[in-house]
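Below is one structure, written out as structure tokens; comments come after it.
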Amino acid sequence: MITRYALFEGSVKPGKTDAFRSAVMDRLVPLWKQFAGAQEVRVMFGEERDEGAPEFPLILAISYPDRAAMEQALQSPARARSREVTGEIVAACFDGRIHHHVTLANSFPL
């Protein structure tokens, strides 16, 4: 399984935390769940960090069975629409940059 992370590095505009989080949950999560081949969508809102660490108000993780499934999702209409909506939310609520990282998962059940 691979996971593609979107790291929102920066800060939520003052007074916009609730609006940012609501917009992500109400407008983006339904689109992300439509990505072809996606097996799991995880949305994590930053709560705390070490002193001096960069701020990540949002980390999105979408897992796929393989790279081919991920590539299919990245070409889907839901992805195109999510990019539009993300741009609207970012303009209203977020100052920073978004970067993506693809990881190969290894699990070790306890």
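What follows is calculated from the coordinates using simple rules that are stated; it is not laboratory data. Source: prediction; values computed, not measured. Here the Cβ is made from the backbone with ideal geometry for all residues, glycine too, and neighbour counts use every protein chain on show.
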By residue number, the members of segment 29-38 that are within 14 Å of residue 76 (Cβ to Cβ) and among the hydrophobic types (A, V, I, L, M, F, W, C) are 31, 32, 35, 36, 38
Can you tell me how many residues in segment 11-25 are part of a loop (DSSP other than H, G, I, E, B) and either of a type in the set (Ser, Thr, Tyr) or at negative phi (or both)? 3
For segment 1-51, how many residues meet the condition of being farther than 17 Å from residue 89 by Cβ and either in contact with a Cys (Cβ under 6 Å, 6 or more places away or on another chain) or of a type in the set (Ser, Thr, Tyr) (or both)? 2
I want to confirm something. Restricting to segment 5-44 and keeping residues that are more than 14 Å from residue 55 (Cβ to Cβ) and free of Cβ contacts under 8 Å to residues at least 12 places away in the same chain, which single residue is farthest from the chain's Cα centre (by Cα)? 15
Sort out which residues of segment 40-59 are closer than 17 Å to residue 76 by Cα and surrounded by 13 or more Cβ atoms within 10 Å (Cβ to Cβ), and write them in order of number. 41
Of the residues that sit in segment 22-36 and are surrounded by fewer than 17 Cβ atoms within 10 Å (Cβ to Cβ) and not acidic (Asp, Glu), which one is farthest from residue 101 (Cα to Cα)? 22
Of all residues in segment 88-110, count the ones that are exposed (fewer than 14 other Cβ atoms within 10 Å of the Cβ) and under 25 Å from residue 67 (Cβ atoms). 12
Within segment 77-87, identify whether any single residue is surrounded by fewer than 12 Cβ atoms within 10 Å (Cβ to Cβ), among the polar types (S, T, N, Q) and closer than 21 Å to residue 102 by Cα, and answer yes or no. no
